[in-house]
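Down below is the structure, laid out as structure tokens.
Since every read-out is calculated from the coordinates, none of them should be taken as a lab result. Here the structure is a predicted model, which is why all the values come from computation and not from measurement. Cβ sites come from the backbone with ideal geometry, for glycine too, and all protein chains shown count toward neighbours.
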Amino acid sequence: MSFIKKILILIICVLLYNCDNKPSAPNDILKLEAEKRLLPQLNDPKSYEFVSFVVDTNKRMQTNQRMQDLSKLQSEYQKDSAKNEYNLMKIEDEISSTKAQMLPANEIEFLYKFRAKNHFNATVLHEKIVVSDNKFNFLRIED
């Protein structure tokens, strides 16, 4: 066997050895952790079929937009606070409830979609929110 063939076989062996099925990306590890926690809760775990696992920025964007809108409205009402005292109180309540709904800055939400059979034996598309910290450590699963 020639020297080039030996080198080529050696390179192929090294590449095959390094191509294992272990997840390397942090979100892949997080997806596997979510699967591990969700599968036992399914009616038919054998029917599980992965669909997608993506970062979900909708809730954070909607909450931030709502806070901006409420702040603008509050500043408008403060211009004539004598007439708008009741409205200012309502806006302040809305601002405090919206702040309570805001995600902490160090949390990331992922939208996790999968199919599985329900208790009627019908295949259903499920959506869960997987929450992690900013270092991709699993925190919780939300509906």
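Before moving on, here are some points about what is shown:
- For Lys83, a cut-off of 19 angstrom between C-alpha atoms picks up these lysines, skipping any fewer than 8 places away in its own chain: Lys72.
- Length-normalised contact order for the chain - Cα pairs under 8 Å, 6+ apart - percent: 27 percent
- Rounded to 10°, Cα long-axis angle of helix 85-101 versus longest principal axis of the chain: 20 degrees
- Over 21 Å between alpha carbons, listed pairs Lys99/Lys135; Lys59/Lys113; Lys59/Lys117; Lys59/Lys128: Lys99/Lys135; Lys59/Lys117
- Asp143 paired with Ser75, simple spin-label distance in nm, labels 7 Å along Cα-to-beta-carbon: 4.0 nm
- Sites listed here are chymotrypsin sites (Phe, Trp or Tyr not before Pro) in region 96-140 whose DSSP assignment is loop and whose Cβ has at most 16 other Cβ atoms within 10 Å: Phe120, Phe136.
- Residues of type aspartates and glutamates that Lys46 reaches as a straight line, Cα spacing below 20 Å, ignoring anything fewer than 8 places off in the same chain: Glu33, Glu35, Glu127
- Relative contact order (%) - criterion: Cα under 8 Å, at least six apart; region: region 42-114: 58 percent
- The smallest convex shape that holds all Cα atoms of the chain, its convex hull, gives 176 Å³ per residue.
- Positive-end residue of Thr123, Asn137, Leu70, charge dipole of region 59-143 with Cβ unit charges: Thr123
- Distance cut-off 14 Å, percentage of C-alpha pairs in region 52-113 lying past it: 63 percent
- Taking 0.36 nm per residue of separation and subtracting the current Cα-Cα distance, fully stretching the chain between Ala82 and Lys99 would add 3.5 nm.
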